[in-house]
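The values are calculated or read from the model by the stated rules, or taken from the named source; none is laboratory data. In this text the structure is predicted, and so the values were computed from the model without any measurement. All Cβ positions, glycine included, derive from the backbone under ideal geometry; neighbour counts span all protein chains shown. Accessible surface areas use protein heavy atoms only, side chains included; no ligands, DNA or RNA. Shrake-Rupley method; radii C 1.70, N 1.55, O 1.52, S 1.80 Å.
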Amino acid sequence: MRRRPAKLAALPEHAVATPARLAAAVAHLSAAPVIGYDTEFVGEDSYRPELCLVQVASSQALFVIDPFACGPLDAFWEVMTDPAKTVVVHAGREDLRICQFAAGKPPARVFDVQVAAGLAGMSWPIGYAGLVSELLGHRMNKGETLTDWRRRPLAAAQMRYAFDDVRFLLAAHKKLTDKLTRAGRLDWAEEEFATFVDKAVVDDVTAERWRRVKGTGGFDRRGLAAVRELHAWRDGFAHKVNRPARMLMRDDVLAELARRLPATMDDIQNLRGLPRGEQDNILAAVARARALSGDELPDLEPRECDSPQVVLMANLLGVVLTDLCSRMKLASNLVATT
């Protein structure tokens, strides 16, 4: 039986496309203790996602902010990072990262309704439309997921989609907060939210992202050093020209360079997929890897090779965990991984 739709107040909708309207929106949001937050962005053509729309909700109004038309959003980001605010998102990793890029920090207090749903007996991860349907009984139209949000003017259907992305967040926040409070799990949720935020905005400079380059699993330490140097060069080059790193040079090309360890221009002249004019920088990156001493080379990552007994025990524990979580109304894959 389909859930009877929850009654929601018909909130006024504001399209914010001038500095004056942005100032009015910021003044309104400054007084709101809880704010729903979402963004629309395009990430295919730039080093970092290009922010195209910001959608926010208070208990009294909905706003769609056009960053292309209303000027700098500095005052808005100050509101979003106010420690007194609770910012409600759904699977908000990229939305939090956009705030981090713009303000230098994420919102201080985050409530992710997807994580909360998993702790309140719903499946995890659950999509926004599914969560709204199951929790509130409302159906959403998700027909604009492949929209190029950079193009203007926005059509009526696009604006409706944008408003709907935050229309239900505060109602979901209230209902899930009530569920978690009754279950004594609100503290659990707050710990999960803090971990979620930390992972979303982790400093990529310190993370060993180069280890995720495909096709390097069997490399020795010298080859891995070349991967690391080439990855650092590619990331810096991508930042400089504001393009996605893998668009400038694919992972398989990077791995092939690290495998060959070229020393001269002749060693790479027949290799396809290199950025034009960057051959000298590529050879310099490989030369840096060649010059490292043994102590400076990255360690090999240990390969996991579980015994049949361990695999059997893990499978058995998975069954036990699933049963326990089912009885406790928890999403088992939010509790533990294999």
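Quick grid of which residues meet (1) at pLDDT 95 or above; (2) within 19 Å of residue 130 (Cα to Cα):
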site	(1), (2)
144	no, yes
152	no, no
173	yes, yes
179	yes, yes
182	yes, no
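Okay, residues lined up against (1) under 28 Å from the mean Cα position of the chain (by Cα); (2) basic (Lys, Arg):
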{"residue": "209", "(1), (2)": "yes, yes"}
{"residue": "220", "(1), (2)": "no, no"}
{"residue": "228", "(1), (2)": "yes, yes"}
{"residue": "237", "(1), (2)": "yes, no"}
{"residue": "243", "(1), (2)": "yes, yes"}
{"residue": "255", "(1), (2)": "yes, no"}
{"residue": "260", "(1), (2)": "no, yes"}
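Within region 294-328, how many residues turn out to be of a type in the set (A, V, I, L, M, F, W, C), in contact (Cβ under 8 Å) with a residue 12 or more places away in the chain and touching a helix residue (DSSP H, G or I) at 6+ places or on another chain (Cβ under 8 Å)?
Counting residues in region 294-328 that are of a type in the set (A, V, I, L, M, F, W, C), in contact (Cβ under 8 Å) with a residue 12 or more places away in the chain and touching a helix residue (DSSP H, G or I) at 6+ places or on another chain (Cβ under 8 Å) gives 3.
Does region 226-254 hold any residues that are closer than 15 Å to residue 273 by Cα and either in contact with a strand residue (DSSP E or B) (Cβ under 6 Å, 6 or more places away or on another chain) or part of a loop (DSSP other than H, G, I, E, B) (or both), and which are they?
Within region 226-254, 244, 249, 250 meet the criteria.
Just checking, how many residues over region 31-52 are closer than 23 Å to residue 170 by Cβ, open to solvent by less than 60 Å² (accessible area, probe 1.4 Å) and not hydrophobic (A, V, I, L, M, F, W, C)?
5
Looking at 257, 300, which one is open to solvent by less than 70 Å² (accessible area, probe 1.4 Å) and either in a helix (DSSP H, G or I) or closer than 22 Å to residue 218 by Cα (or both)?
257
All but one of (1) within 28 Å of the chain's Cα centre (by Cα); (2) open to solvent by 60 Å² or more (accessible area, probe 1.4 Å); (3) among the small types (Gly, Ala, Ser) hold for residue 20; state the number of the condition that does not hold.
Going through the list (1) within 28 Å of the chain's Cα centre (by Cα); (2) open to solvent by 60 Å² or more (accessible area, probe 1.4 Å); (3) among the small types (Gly, Ala, Ser), residue 20 breaks only (1).
Of the residues in region 1-40, how many are part of a strand (DSSP E or B) and not polar (S, T, N, Q)?
The number of residues fulfilling the criteria is 10.
Checking residue 214 against (1) of a type in the set (D, E, K, R); (2) assigned to a loop (DSSP other than H, G, I, E, B); (3) in contact with a Ser or Thr (Cβ under 9 Å, 6 or more places away or on another chain), only one condition comes out false. Which one?
For residue 214, the failing item is (3).
Within region 41-62, can one find any residue that is in a helix (DSSP H, G or I) and closer than 21 Å to residue 99 by Cβ?
The answer is no, given that none of the residues of region 41-62 is in a helix (DSSP H, G or I) and closer than 21 Å to residue 99 by Cβ.
Would you confirm whether any residue within region 105-125 is on the phi > 0 side of the Ramachandran plot and open to solvent by 10 Å² or more (accessible area, probe 1.4 Å)?
yes
Restricting attention to region 128-142, which residues are open to solvent by less than 60 Å² (accessible area, probe 1.4 Å), in contact (Cβ under 8 Å) with a residue 12 or more places away in the chain and of a type outside the set (Ser, Thr, Tyr)?
129, 131, 132, 135, 136, 137, 138, 140
Restricting the first residue to region 49-64 and requiring it to be of a type in the set (Val, Ile, Thr), which pairs with a second residue that is at pLDDT below 95 and part of a loop (DSSP other than H, G, I, E, B) meet a Cβ separation below 9 Å and a spacing of at least six or different chains?
Filtered contacts from region 49-64: 64/154.
Can you work out which of the residues in region 260-293 that are touching a residue at least 24 places away in the same chain (Cβ under 8 Å), over 24 Å from residue 243 (Cα atoms) and in a helix (DSSP H, G or I) is least open to solvent (accessible area, probe 1.4 Å)?
So the residue we want is 289.
Mind telling me which of the residues 164, 198 ends up being without any contact (Cβ under 8 Å) to a residue 40 or more places away in the chain, crowded, with 17+ Cβ neighbours inside 10 Å and over 30 Å from residue 291 (Cα atoms)?
Residue meeting the stated conditions: 164.
Name the residues in region 315-336 that are assigned to a helix (DSSP H, G or I), of a type in the set (Gly, Ala, Ser) and surrounded by fewer than 13 Cβ atoms within 10 Å (Cβ to Cβ), would you?
Once the filter is applied, which keeps residues that are assigned to a helix (DSSP H, G or I), of a type in the set (Gly, Ala, Ser) and surrounded by fewer than 13 Cβ atoms within 10 Å (Cβ to Cβ), region 315-336 yields only 326.
Within region 95-118, track down each residue that is hydrophobic (A, V, I, L, M, F, W, C) and out of contact with any helix residue (DSSP H, G or I) (no Cβ under 7 Å at 6 or more places or on another chain).
Matches in region 95-118: 98, 101, 108.
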